[in-house]
Amino acid sequence: MKKNILLVYTNFSTFVKTDFDILSAEHHVEKYQYMPVKGLYRNALEFIKQFFYLAFHIWKFNAVYIWFADYHSFLPVLFAQIFRKRSFVVIGGYDVARIRHLKYGVFTSKLRGFFSFYSMNHCAVNLTVSKYVDRKVKWIAQKANTELIYNCVTLNKNAAKEGIEKENLIVTVGIIEKEQTFYIKGIDTFIDVARQLPQYQFLVIGLNSEKLAHLLNNLPGNLMIKGKIDHSELVTYYQKAKIYCQLSRSESFGVALAEAMYFGCIPIVTNVGGLPEIVNNARLVVKRDSNLIRITIDKIFKKAFEPNTDFPEIIYSRFSLKQRSYFIHKLIEQIFKKTSQL
């Protein structure tokens, strides 16, 4: 039976759109955007707007589905409790993070930390995107009910073309427009590694070189930087690159990593968050140490180490849209079945 579901989010990003499409396939879904604003006053206005929206409209929904636990999740979870609705919160990683010196993560703020903590403890289910995030939720909010449903990459099974010759190219990808993201994604480490391996080409995709010019002094000659590009162009770089690096300081899942592996890139990742779960090969997981990463890259190019792994098949079988869709619908069905039996 179709349910009426309210989807609450701050940015209608790719993964939010993916879940909207998944939910819409079997249910009636209405979107509500809590505008991502800075400052206590402007957030208070968004909070008040959301309060009145829920006060007048919550009655017509069977459930609320919220991406991330933060300011915007508190009232939907509270209203769902009061009006006996089901609430689902997708925990994406930022909402369980705290890196103080980079001011990264919900828990660097006491107020936002409270909203996240309350949402996790009082929603019907927290949908966690990796085992790492699942462990973090259970550690932070002991009353939280969690269900691990991996994030996904929406790629056609036949998209990974065979026979394309790989080049001596090492790539990393991210939307890098702030100094905070520059360090979170480990771009400083990537540049350091490039400097140590002048015989290979390195490429950063998605970095805004104008905004971050002060961090890009004295770059090595073998390092290229590109800003945002279309996904079709990104795929051509995945197809050409021999190695994909994700040298993050914090990473809950790693969609770009999964996509790169799908197109046959050999991954090298730091032992952080959910990255080791995706790679699932201990020899490709390293400490964020430039020297160790340099050695691993050199071994791969010199064929001293060749991971005998079918990366495209691993990604398709574990992190496909089909998989995520199946488990989300199954969970919703189970939750409403339990409710009807009470």
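The values are calculated or read from the model by the stated rules, or taken from the named source; none is laboratory data. The structure displayed is predicted, hence computed values, not measured ones. We place every Cβ from the backbone using ideal geometry, glycine too, and count neighbours over all the protein chains shown.
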For the stretch 296-335, how many residues meet the condition of being of a type in the set (A, V, I, L, M, F, W, C) and either in contact with a helix residue (DSSP H, G or I) (Cβ under 6 Å, 6 or more places away or on another chain) or part of a loop (DSSP other than H, G, I, E, B) (or both)? 6
Suppose we filter 169, 219, 203 for residues that are under 18 Å from residue 290 (Cα atoms), in a loop (DSSP other than H, G, I, E, B) and in contact with a strand residue (DSSP E or B) (Cβ under 8 Å, 6 or more places away or on another chain); which single one remains? 219
Restricting to the stretch 247-296, name every residue that is in contact (Cβ under 8 Å) with a residue 60 or more places away in the chain, surrounded by fewer than 23 Cβ atoms within 10 Å (Cβ to Cβ) and over 25 Å from residue 94 (Cα atoms). 264, 290, 291, 294
Filtering the stretch 175-190 down to residues that are surrounded by fewer than 20 Cβ atoms within 10 Å (Cβ to Cβ) and either modelled with pLDDT of 95 or more or not in a loop (DSSP other than H, G, I, E, B) (or both) yields 175, 179, 180, 181, 188
Examine the stretch 210-222 for a residue that is crowded, with 18+ Cβ neighbours inside 10 Å and of a type in the set (A, V, I, L, M, F, W, C), and state whether such a residue exists. no
Residue check for residue 237: of a type in the set (Phe, Trp, Tyr) and closer than 19 Å to residue 164 by Cα: yes
Residue check: is residue 31 surrounded by fewer than 17 Cβ atoms within 10 Å (Cβ to Cβ), within 18 Å of residue 127 (Cβ to Cβ), of a type in the set (D, E, K, R) and not assigned by TED's automatic domain parsing to the domain that holds residue 175? yes
